[in-house]
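What follows is a set of notes on a single structure, which appears directly below.
Any read-out appearing in this document is the output of simple, stated calculations on the displayed coordinates, not a laboratory observation. As the structure is a computational prediction, the values presented were derived from the model and not from experiment. For neighbour counting, all protein chains shown are included, and Cβ atoms are generated from backbone atoms with ideal geometry for every residue, glycine included.
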Amino acid sequence: MENDPGMISLSHGLAKSRPAGAPFASHPAITIWLWSLAALVFLMVIAGGVTRLTESGLSITEWKPLTGIVPPLSEAGWLAEFENYKRIPQYAQLFPDMDLSGFKFIFFFEWSHRLLGRLIGAATLLPLVYFWAKGLLPLGFKPKLLGILALVALQGFVGWWMVKSGLTGRVEVAQERLAIHLLLASVTFAALIWLAASLKTLAGDLPQRILPGLKWLAGGTVLLVLLQIGLGALVAGLRAGHAFNTWPLIDGYFWPPLDKLTLLSPVWRNFLDNILLVQFQHRLTAYVLLAVVVAQALYTSRVAAGSRAVRRALAVTGLVAMQAAIGIVTLVLAVPLWTGLLHQTFAMIVLGMAVAHAQAVWKGR
C-alpha cells in the first residue's frame, strides 16, 4: 500500500501548489458569466423558498410569460387579479378573510419570483448568443451551454405545471411537482458551478492521477445532496415539518414500524403522500449523507494528506454537519419562517461546495 504509485502521484500532485502569479488559462469573461448565473439561480431558490413559506405561490393564477412582467398598475387591475385568486381553493379554505392589501403582499413575492426567472432566462440566452457569435466559447462548451439553456427554459414550464396543480382541488401545489421544480433548479445550479469551476485551471497546471475511490466518493456525495434536496421538497410540500417535531425519535421510534410506514395503498404512494415516511426518509438520508462525507474526509486525509482535496473534503463535512443541525432546529421549532428559509439556503451552499469539490477531484486537483 505504501508503494502504490497512484497514491504517491495523488499525494504529491494534489499537495503541490500552483505557480505563484500564474495567469488564468483563458476565458475570464465566460467564467464571470457562469458564476453570475449560478448566483442568480441561488437567489432564485431563496426567492422560491420565501414564496413557499409565505404561501404566495398561488397568488398569480395565470401564466403570461411576456405581459406578466408588468404587475397591475391600477386599482381595477388589482381587483381583477384578486378576484382570480378568490376563485381557487386556497383563498376559500386558508385565507377567506384576506383583504386587498394582504393579497398585494403575497402577490409581490410570486411576481418577484417569476421576474427573477425571466431575468435568468435573458441572462442565459443573450450572453450565450454574443459569446457564440464572437467565437469566444471554450472548446466543447457549446452543447453544455445549450443544455443549461434548455434547463432554464424547462424550469419555466415546470414552474407553471407546478402552480397549476394547486389551482383546483387542493390548497397547495403537489409536493412531487414542487420536488421536481426544486431539483431542476438545483441541477442547473450544480451544472453552472461545475462548468465555472472547470475554467479555473491555471496555465501549466496539469491534471494528476486520482484514485477512483476519491472520484466516486465526491460524485456520490453530489448525488446524495441532490436526493436529499428532493426529499426535503417533499417534506415542504406536504407540510411534514409541522408533524413529529421531536428528535432523534420520530413518533416515539428511531425506526417506525413497517405498518405505519406503509399505511397507503399502493405502497409506492407512501413515499410521496405518507407524512411519517416522507419525513423519516428525509431524516434517514441525512444520516447517510453525513456518514458518507465523514468517510470521504477520512479517506482523503489518508491518501492525500495536506492537499487541497483534504481541505475541501473537510469543508463539505462541516457544511453537511451544520445543515443537519439547522434541520433539527427547524423540525423541533415546527418550521418558523427564518429557520425554514435558512435550511433551504444552506442546502444550496452544501450543494455548491460538494460540486466544486467533485469537479476539482475529477479534474485532478
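The table below gives the values:
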| read-out | value |
| --- | --- |
| Total lysine pairs whose alpha carbons fall under 24 Å of each other in the range 99-225 (8 or more apart, or interchain) | 8 |
| Among V235, L289, N245 - extreme Cα towards positive end, dipole of the range 218-365, charges at beta-carbon | L289 |
| Relative contact order computed over the range 300-365 (Cα-Cα under 8 Å; 6+ residues apart), in percent | 41 |
| Exposure proxy order (Cβ contacts within 10 Å, fewest to most) of I229, I328 | I328, I229 |
| J(HN,Hα) series, the range 351-363, from Karplus relation 6.51 cos²θ - 1.76 cosθ + 1.60, nearest Hz, glycine and proline x | 4, x, 5, 5, 5, 4, 5, 4, 4, 5, 5, 5, 8 |
| Exposure rule at most 12 other beta-carbon atoms within 10 Å, DSSP loop GluC sites (Glu not before Pro): the chain longest free segment | 63-365 |
| Residues W160, W255 arranged by fewest to most Cβ contacts within 10 Å | W255, W160 |
| Inter-centroid distance (Cα atoms) of the range 100-147 relative to the range 222-251, Å | 29 |
| Residue order, fewest to most beta carbons within 10 Å, for T345, T168 | T168, T345 |
| Extension gain from K200 to M322, taking 0.36 nm per residue of separation minus the Cα-Cα distance | 41.2 nm |
| Dipole magnitude of the chain about its Cα centre (Cβ charges: Lys, Arg +1; Asp, Glu -1), debye to nearest 20 | 1260 |
| In sequence order, calculated HN-Hα J values of the range 340-347 (Karplus, 6.51, -1.76, 1.60; Hz; x Gly/Pro) | x, 5, 4, 5, 5, 4, 5, 4 |
| For the range 27-198, the spread of Cα positions along each principal axis, largest first, Å | 57, 34, 19 |
| Taking only Cα atoms of the range 221-286, radius of gyration then Dmax in Å | 11.5, 32 |
| Percentage of interatomic Cα-Cα distances in the chain larger than 34 Å | 36 |
